[in-house]
Structures are given as C-alpha cells and as structure tokens.
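For reference, the structure is listed below as structure tokens.
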Amino acid sequence: MVIQKRKKLGDLLKDAGLITEAEIVEAIEHKKPNQKLGDALVEQDYITEKELLDVLEIQLKLESISLYQYPIDIDLIELISKEFARDNVLLPIKQEGHRLVVAMQDPLDFYAIEDLELSTGFTVKPVIATRDDILQTINHLYDNDETSDIASEDYSASAVKILDQILEAGVTMHASDIHLDQTETLVNVRYRVDGTLRNERSLPKSAMNSLIARIKILAGLNITESRLPQDGRISMTIMDKAINLRISTLPTVYGEKIVMRILDLTNVLKKLTDLDLSDQTLEQYEKIIKEPSGLILITGPTGSGKSTTLYGSINELNNANVNIVTVEDPVEYQLEGINQVQVNAPIGLTFAAGLRSILRQDPNIIMVGEIRDRETADISIRASLTGHLVFSTLHTNSAIEAIPRLFDMGIEPYLVVSSLSGIMAQRLVKKVCKDCQHTRPATQIEKEIFEKRGKTIDELTLGRGCSRCRFTGYRGRMAIHELIVMDSEVKKMMMNHSTVQDIKAYVKEKGIPFLIDDGLNKVEKGYTTIEEVLRVATAD
C-alpha cells in the first residue's frame, strides 16, 4: 500500500496552513451526524474541495484524477456492491496485476481499504477523486449495469429499483427537477442542475407504464387517468436526506410526461444572512419586515428563488408570540409552527377565499403565495392597512414595475401608497466554481459595462472547468437583489402617477442599487460572471 503513516486529515490541513485547530473544532461541532471532517470543512466553507484534494495529493503523494470520461474497467464494479461503493464513496477503476486502483474521496479511510482488500483479495492502490465525481459515476455505472437487459424483465418488479436510481442520481447531482420525457421509441431522463436541463440517460419505452404507475401510487394520484394532468406529492428519504417531491403529470402525444421537483428539506429554512443579500440591502430589509404592519412584495420570474426568500423572512419572524398563516399554491415546504393553507381552486379555495378566512383567524403575519388578480391584491392591501404584516409575490421584471402592475389590477393608488412598505426584486445567477476559478484581465468592453454603472474593474474571476463542476466553470447559484423601500418621496411620486422611469431616476439618484448593480458588485467579488448577470438583469 502507498500509505505508510496514518496521519489524521486535520493534522495534514493544519500542516498545510489551510485551517486552524479552532476552526476544526468549530466544524466538528456543526457537522451533520456521521459526516466526515473533510465534507464538513468543505460544506462550511473553511476550505474548497480542490484545496482538500491538493493537500492529500501532495502530503500523501497520491494521484488526483477526474472520473469524467476516464476509461474505467466496468468489469471491476462486480467486485463490490453499489451500497458499499456509495457508503464509502469509492470506486474500483483499474487493475494493475495484483493491485486494484480505487478512486476514493477519503484515502485516509483505512477501514474501507482493509474491507476492500479482504473482500477482493487485491492490494488496494488509492487515487483521489471528488465526492460528487465518484457518486455520479457510481450511479451511472451501476444503473446502466442493472438496466442493461431490463427490456426483458418484468417492469412491475423493476420500477421500484429504476425510480430509486433516478431519484438517487437527482439528489447526487443537486438537481432541482427531474423530467421523464416520452418520445416515440424511448424515455429520456433529464435533470435540471443550476437552472440548466441536461439529458443523463434513456430508458426503453416499455419501462414508462410501470414507472408512471409506481410514481402515481406513491403520490396518491389516479393511476387509471392518463388523459388529464395531475399533481401530487411524495415524502421520502433518499440517501439519508429527507426529501419532498412535487409531482406533475402532463398528457402528450407520446404519452404522459412526468416532472418531479426535488424539495430538499435539509436546505429549506435559510436565514436572511444566507440569502446573498448585500449588507445595505440586508439592513434595510430586516428593518421593514420587523414593522408591525405593511405589504412586502418579492418580484421575479418563476425559478428566481422568491419562495426561499419568503420562507426565510417568515422563519426569521416565527416565534410563539405571533400567529403566522400562509395561503400557497402549492405548499412547497411544511414549516413547524406556521399554519399553511393549500389553494384548491376546484372546490372554491382560491387565494382570495383563503385570505378572507385567514383574516378571521387572528393572524399577525400573513403570507400569500402570489397576487394573481384584483381580488387577492385588494384583500392583501386592506389586510396590511388593518394592522397585519403581509408578504406576497408578483411576476414583474423589476421592483418598481410592481407599482404600475397593482394599478393595472384596478387598485386605488392611495391604497397602494398607504400599504406598501417595500418591494424586492431578485434573480438567480450561477456561481463561479471555487475549485477551478482563476482571474484574467478585464477586456475593454467589460470595463465599459462597469464604467456605465459608475464602477471600475481590472480583472475578472472565471471557472476553467473541472470534474467537480462537470467542466461548466459554474457550481451552485446565488441571488442578486434590488430593494425599493417606500419613502415619502416615492409615495408622493406614486400618488402623482409618475412614470416608472421617473421613479427609477429618483431611486438611482439616491444611490440605491438595481439588480445590475448588485450583480456587478458580486462579479467584482469573484462570485459570478458578467455573462450571468447580463443574462438576468438589463443594463438600462
């Protein structure tokens, strides 16, 4: 074996000057049950996974590899079970005589190495790979192996196994949605990761009926109905994570399409300080949500993180002294201590009807999932004027555009002016991968983009692309914001029917950052790229 000296990971990282003893103790105190120290340090942002691998590679004189497109000897996966490979985050990839080359996230896991040597009879030669790289490769290889002759199997028996494989892959890739798309001859399984859909595998067409039946049974849907769309929910544990799945079926010309939205309950409740708000915006937002009454709107398109911000806001205010009631469509996350109402339009439980009933429940704080019509807007505004703090969302391109949208719904300007406390617009942008980031000088065009917003930039941070980010240069997403607090001047302009451009000019003069400004500030700090910011925010 290559490893001679059994030195602990913490000591290796301290020797490399990456972390202190106090930080190790802090990470251990906050790590999840059974989580390894290395994973905890990376998750808590003490180190990047690249720094971890570099230390192991240098200190232990081990090779670091990327499994993406690596020529793995697939016959070797028969040596160990998928469960052993996944639980220990390792994978045999090559045989060299009597030595078995094994990709490991933790080459200091001597127990796993000894178990592997005893069960296979080989001497193990560890090489280092990232956790996600290994887990995604495990899912890909074992799933393909288990389903290679699946067309000849009884699908009612294998649908359970296939669905488990699909969901495990989704959780491993940190996907937000899983799409099962039927074509004339097969079924494409696609995953939305960081906002982008990608095709990962295909199944025989004959698999879909049993798979649909399995999903519908778990979600409590009608398995005999295939001509109408249906919606349902599944709660389950996948790879030790509590997960809610929101299920949507849609009849298409080739059969039913299924979309499963993954709602990870371990990441549901973010604090306001975890929502990527700038210091200035956070200070202002905390101030308005702690007012006893008023209407606070979060705006942005579908998939811009509005629900996360709403949940973070009401969670900040949630305590035994207040009665918080929500009306949502759908209830994405079930929160302890908060009364949540699910909209059910076919039986008459609309946003407006639910909101009317909520007002008879002696609430302090109300969350309305979305203002879609005049009636809901009118009740929300009147609730905020009678001593309630009301949160809701609107689909508009900017914070200021929420004002004319409410006017267009037929709400009297004086009611809008009296009720609104603040409007926050937000978008999600991809984050530069920390493990392959590098800087380069800014081009003249890039400098001009910053100069137009009264800023300067000399160099930009980009991702080169690595196995951890699947060679995209991005990993994860973050929010950019603009917050308009309703001061006396804005209210006066609203009452005088000033144009959106006039209000924007006043807000800009006051130095309040728009979406583009917050985005460019985050580009300057190396969190994201100009391309990502301009994709979601206009530079007007």
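Cut-off 19 Å, label point 7 angstrom out along Cα-to-Cβ of HIS30: give me the residues of the range 465-495 whose amide nitrogen falls inside. It comes to 477-479, nothing else. Compared with the direct C-alpha span, the chain from THR237 to LYS447 gains 70.8 nm at full extension, assuming 0.36 nm per residue. Amide H contacts for ALA399 (H built 1.01 Å from N in the peptide plane; partners 5 or more residues away or on another chain; cut-off under 5 Å): ALA425. Shape annotation for the chain: C-alpha extents along the principal axes are 83, 61, 48 Å, from largest to smallest. Along the range 327-340 the Karplus relation, 6.51 cos²θ - 1.76 cosθ + 1.60 evaluated at θ = phi - 60°, assigns HN-Hα couplings of 10, 9, 8, x, 6, 6, 10, 9, 10, 5, x, 10, 8, 10 Hz to successive residues, with x for each Gly and Pro.
Residues whose amide H falls under 5 Å from that of LEU62, counting only those 5 or more places apart or on a different chain, are absent, with hydrogens built in the peptide plane.
Amide H to amide H, with H built 1.01 Å from N, THR472 comes under 5 Å of CYS466, counting only residues 5 or more places away or on other chains.
Pop out the carbon and sulfur fraction of the accessible area of the chain as a percent, whole number, probe 1.4 Å. Looking at the chain in its full context, I get 48 percent from C and S. Structural descriptor for the range 1-99: relative contact order 20 percent, calculated from alpha carbon pairs under 8 angstrom and at least 6 residues apart. Quarter the surface of the alpha carbon convex hull of the range 227-307 and you get the mean projected area, 8.6 square nanometres. Rounded to the nearest whole Hz, the Karplus-based 3J(HN,Hα) values (6.51 cos²θ - 1.76 cosθ + 1.60, θ = phi - 60°) of the range 169-180 follow the sequence 5, x, 5, 4, 7, 6, 6, 8, 9, 10, 10, 10, with x at glycine and proline.
Under the simplified labelling scheme, the LEU282-ILE217 pair shows an inter-label distance of 4.8 nm, with each label point 7 Å from Cα along Cα→Cβ.
Per residue, the accessible area of the chain comes to 47 Å², computed with a 1.4 Å probe over protein heavy atoms only. Dividing the mean sequence gap of close Cα pairs (under 8 Å, 6+ apart) by how many residues the range 433-540 holds gives a relative contact order of 26 percent.
The modelled label-to-label distance between LYS61 and ASN344, using points 7 Å beyond Cα along the C-beta direction, is 6.9 nm.
Within a straight-line Cα-Cα reach of under 21 Å, LYS216 can be paired with the following lysines, leaving aside sequence neighbours fewer than 8 residues apart in one chain: LYS161, LYS205, LYS257.
Derived scalar couplings between HN and Hα for the range 375-384 equal 4, 5, 4, 5, 5, 4, 5, 5, 5, 5 Hz in order, rounded to whole Hz, by the Karplus curve 6.51 cos²θ - 1.76 cosθ + 1.60 (θ = phi - 60°), x for Gly and Pro. When the pairs LYS50/LYS452; LYS94/LYS430; LYS491/LYS522 are compared against a 32 Å limit on Cα-Cα distance, LYS50/LYS452; LYS94/LYS430 fall above it.
What is the percent of Cα-Cα separations in the range 412-537 that go past 20 Å?
53 percent
Reducing the range 193-249 and the range 319-347 to their Cα centroids gives an inter-centroid distance of 24 Å.
Measure out, as a whole number of angstrom, how far apart the alpha-carbon centroids of the range 16-82 and the range 357-371 sit. For the range 16-82 versus the range 357-371, the Cα centre distance is 46 Å.
Take every DSSP beta bridge whose two residues both sit in the chain, then give the antiparallel share in percent to the nearest 5. Approximately 65 percent, going by the DSSP bridge assignments.
In a fully extended conformation the segment linking THR439 and LYS270 would gain 57.8 nm over its present Cα-Cα distance, using 0.36 nm per residue. Here the contact order of the chain, divided by its residue count and restricted to Cα pairs under 8 Å and six or more residues apart, works out to 10 percent.
Sum -39500 (n - 2.57) across every DSSP H segment of at least 4 residues in the chain, then divide by the residue count to get the 222 nm mean residue ellipticity, nearest 500.
-11000 deg cm²/dmol
The values are calculated or read from the model by the stated rules, or taken from the named source; none is laboratory data. Since we're looking at a predicted model, the values are computed, not measured. Positions of Cβ are backbone-derived with ideal geometry, glycine not excepted, and every protein chain shown enters the neighbour counts. Remember, those area values only see protein heavy atoms, side chains included, never the ligands or the DNA or RNA. Shrake-Rupley method; radii C 1.70, N 1.55, O 1.52, S 1.80 Å.
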